[in-house]
Amino acid sequence: MKKVLKIILPIAVIGAGFGVKSLLLSTAPVVESIVPEEYALRVETLTPIAESHTLSISAYGEVQPNHLLTTTAQVRGVVLRLGDNMQVGAFVNKGDLLFELDRTDYELALTAAQADLRKADANLQLEQAQAEMALQDWAQVGQGDAPALAKHEPQLAAASAGVDAANAKIALIQRDLARCTLTAPMNARIQERRVAPGQWVAPGTPLAVLLGTEKAQVVVPIPLADLAYLPLDVKGASGLPVALRTQIAGKDCSWQGLLTRTKAGLNPSSRTLQAIVTVVDPYGLLLPSDSLSQKNALVPGMFVHATFQGNDQDNVIRLPRRVLMSDNRIPTVDAENRLRALKVEVLQLTQKEVILKGGALDKTRVCITPLATFIEGMKVVPTEAKR
């Protein structure tokens, strides 16, 4: 009997368990499955309209002098005095005195050369008189034409050459005398002064460095991609107006220049073409005296922002720069209010805008809300932004 119970009892327990399980399953409440709603991000959209637009090319350039001249001594001597404005930073006009060298040696040499000229001239007159007497003697005793020696032709040639040599010597000394006084060859500003009164100089000794003040030039590197938007001719010059600006002591300063030429080749390090912008009267020296205090000088070495007005472009769309994603794509919203990435053709990037070629983008809703992560097909709730 015990053996039978050992077999039947486990089976009964297992059967009771199955029964309880069936009872619990049959009486359990039914749980309805809930499909979560799709999250939709609220975004602002902008529907651009293609328009005509004049592209502006912006770049930074360095101001350089239009003329940079190192004056040198052409004769030897002691520096006697300097011009009144011969100080670093001072302005001089064309013809103003810069340096004056001691003229004593050249004046003495000129006196000696003038005496040599008088001697040579007297010798020529004497030879001419002797030649005339020789011809008279030949006419009395000679036969036929007189030979050159009898006419004193060699003596006359030597005497005439002596006069020419004396005149040339005087001209050279007078030239050196003139070179003892060095004047400004142009309107300029003194950048360096390398000699002082009492200093002895020789030909070729640098005396001063002058910067031309009538014009300045700004060298602006332009990327190759932007050259297509500038109206350049085959010589690289167009006379295109260029706006220049910078800040000096927190004050906005501006100048107007002209694109006059470009350099012959590309910059080997930056692969850009360097445009030359010319500015007339960079120091404002031609302005009325009461306006000089309001005019800031465009000095060499200054960096300025240059803006070129480029060609007119049709069918152009302008959008905030923040909408441009990698690989030249922008986020758009389709008819089902889902995000779609659209490939675009970028004409130009500015500090605030991206300028695109129109075409398929015309009247397309563009998402202008900054997105932390772009998800293709993401549901959004668009709101059209005010223009």
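The values are calculated or read from the model by the stated rules, or taken from the named source; none is laboratory data. Here the structure is a predicted model, which is why all the values come from computation and not from measurement. Cβ coordinates were reconstructed from backbone atoms using ideal geometry, including for glycine residues, and neighbour counts include every protein chain displayed.
Taking the condition more than 28 Å from residue 224 (Cβ to Cβ), in contact with an Asp or Glu (Cβ under 7 Å, 6 or more places away or on another chain), among the β-branched types (Val, Ile, Thr) and in a strand (DSSP E or B), does residue 383 pass? Walk me through it before giving the result.
Details: more than 28 Å from residue 224 (Cβ to Cβ): yes; in contact with an Asp or Glu (Cβ under 7 Å, 6 or more places away or on another chain): yes; among the β-branched types (Val, Ile, Thr): yes; in a strand (DSSP E or B): yes.
So residue 383 fits the description; yes.
Filter the range 337-366 for residues that are among the acidic types (Asp, Glu) and touching a residue at least 40 places away in the same chain (Cβ under 8 Å) and give the result.
Taking the range 337-366 and keeping what is among the acidic types (Asp, Glu), we get 345, 353, 362.
Result: 362, single match.
Any residue that is touching a residue at least 40 places away in the same chain (Cβ under 8 Å) and acidic (Asp, Glu) - is there at least one of those in the range 76-92?
Looking for residues that are touching a residue at least 40 places away in the same chain (Cβ under 8 Å) and acidic (Asp, Glu), one finds none in the range 76-92, hence no.
Residue-wise test of (1) surrounded by 13 or more Cβ atoms within 10 Å (Cβ to Cβ); (2) over 30 Å from residue 70 (Cα atoms); (3) among the hydroxyl-bearing types (Ser, Thr, Tyr); (4) modelled with pLDDT of 80 or more.
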position	(1), (2), (3), (4)
90	yes, no, no, yes
94	no, no, no, yes
103	yes, no, no, yes
115	no, yes, no, yes
123	yes, yes, no, yes
126	no, yes, no, yes
134	yes, yes, no, no
138	yes, yes, no, no
153	yes, yes, no, no
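When the range 334-387 is examined, which residues are found to be of a type in the set (Ser, Thr, Tyr) and either modelled with pLDDT of 85 or more or surrounded by 14 or more Cβ atoms within 10 Å (Cβ to Cβ) (or both)? Even if it seems obvious, please write down each step before you answer.
Taking the range 334-387 and keeping what is of a type in the set (Ser, Thr, Tyr), we get 350, 364, 369, 373, 383.
Correct list: 364, 369, 373, 383.
So which strands (runs of 3 or more DSSP E) are wholly in the range 176-260 and hold at least 2 residues that are surrounded by 17 or more Cβ atoms within 10 Å (Cβ to Cβ)? Lay out the reasoning, then the answer.
Details: elements: 181-183, 188-193, 206-212, 215-223, 240-248.
It comes to 188-193, 206-212, 215-223, 240-248.
Determine if the range 193-200 includes at least one residue that is in contact with a His (Cβ under 9 Å, 6 or more places away or on another chain) and modelled with pLDDT under 95. Steps first, answer last, please.
First pass over the range 193-200, keeping only residues in contact with a His (Cβ under 9 Å, 6 or more places away or on another chain): none.
For the range 193-200, residues in contact with a His (Cβ under 9 Å, 6 or more places away or on another chain) and modelled with pLDDT under 95: absent.
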